[in-house]
Amino acid sequence: MNQRALPIALIAVGVIWLLFSSGFVPPALGVAIGRLWPLLLIGVGLDIWIPESRPLAVYFTAWAGALIILLALLWPGRGALETDGEFRRELQADTERVTFEVSNGSAEANIRRGPDDLLVDARFAGQPLGVVDVREGRSATVRVRPEDGIFNVFMGRTRWEIGVPGVVPLEARLDGGSGPLTADLTGTLIESLGLDVGSGPSTLTLPGGGSPYSVDVDGGSGPLTVTFAPGASVDMVADLGSGPTVIRVGEGTDMRLTIDTGSGPLELDLPDSAPIRLTIADDGSGPLSLPRFLERRSGRGDTGVWESSNLADGGRVIDVTLEDVGSGPVTIR
């Protein structure tokens, strides 16, 4: 067994990744290389299996690396990959609701309400491009994900602009990655939103008024900011992670908010004029800071129930439950 084949392969892969992360590899060329990299594994295997048959006494791994570069330069459609991508699909008249799924990977994704006549309006700049899968009908489904490629994580020079429909009920499922994810869904008929926070920052701006909707958040290591417009009617469940979280609630909001905090800090900004009930079922090791307009009604220590003085007057109540508090600080203001 040749002892040099594997180190050469590792060095080759390391050099390629370093070129990607340093920006020396053009994105279009990188897409081709990302699909051809298994040739390096073939080269390593030949170096171990038949080292005596190397052409010109040059390692098969080196030949494989040279072949990857050559084929990448001649890759069909390379010119098309260098341009930006666009995808539009009209909204059918019989569509009654839409499920919209976005997995942004390392891309910077910006999601907002699109034109009223379109089911999806997407623009992609840089590499990797986004892939859009559409299933039309009365209950339509749109899925947006990065183009497949082993080196996608090193090609984070992508910006996505995605328009979602605003005239039909919408179910949104967002899977955050290492890139920043921003979703401004004001003006949409959102019914439910699921967010899986990744390592990149996630920013949500959600509508007020209109019909009630639900929000389900699974926290990650990236920072999360959620802003509810005034007059929202929402049921939100959040299982937070190590990333910092900020939740801002607008005036006149009717809300039921259930949170499990993690090791990251939580900052909850509530309107001081609203009827509010705060229940802390299980406290953690992090410090707790509460506003003066909340008065303790029961419990001891950092557990119990706090209420605002106007809760008995009724109206649009904000009901917050901290079910399981972790090690991160919790600030409510």
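The values are calculated or read from the model by the stated rules, or taken from the named source; none is laboratory data. Fair warning: this is a prediction, and the values are worked out from it, not measured in the lab. Counting neighbours? That spans all protein chains shown, and the Cβs are built from the backbone with ideal geometry, glycine included. What goes into the accessible areas is simple: the full protein's heavy atoms, side chains included, and nothing from ligands, DNA or RNA. Shrake-Rupley method; radii C 1.70, N 1.55, O 1.52, S 1.80 Å.
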>> Using each residue's phi in the range 107-114, evaluate 6.51 cos²θ - 1.76 cosθ + 1.60 at θ = phi - 60° and report the 3J(HN,Hα) Karplus result to the nearest Hz, with x for Gly and Pro.
In response: 6, 8, 10, 10, 10, 8, 5, x
>> For Arg173, what residues show an amide H to amide H distance below 5 Å, using hydrogens built from the backbone and excluding near sequence neighbours?
In response: Phe100, Glu101, Val102, Gly194
> Relative contact order (percent) for the range 186-290, with alpha-carbon contacts under 8 angstrom and 6 or more residues of separation?
Replying inline: 21
> Which order do Phe228, Phe60 take when ranked by solvent-accessible area (1.4 Å probe, heavy atoms of all protein chains), largest first?
Replying inline: Phe60, Phe228
> What is the distance, in nm, between label points placed 7 Å from the Cα along the Cα-to-Cβ direction at Glu96 and at Val305?
Replying inline: 4.1
> Of all accessible surface on the range 252-333 at a 1.4 Å probe, what whole percent is carbon and sulfur?
Replying inline: 41
> Which residues' amide hydrogens lie under 5 Å from the amide hydrogen of Ser106, considering only partners 5 or more residues apart or on another chain, with H built in the peptide plane?
Replying inline: Ser178, Gly179
> Under a 5 Å amide H to amide H cut-off, with H placed in plane at 1.01 Å, what residues pair with Val164 once short-range neighbours are removed?
Replying inline: Arg112, Arg113, Gly114
> Which value, in Å² rounded to 10, gives the accessible area of Glu86 with a 1.4 Å probe and all protein chains present?
Replying inline: 120
> Top to bottom by accessible area (1.4 Å), largest first, where do Asp47, Asp184, Asp117 land?
Replying inline: Asp117, Asp184, Asp47
> Accessible area of Glu191, 1.4 Å probe, to the nearest 10 Å²?
Replying inline: 80
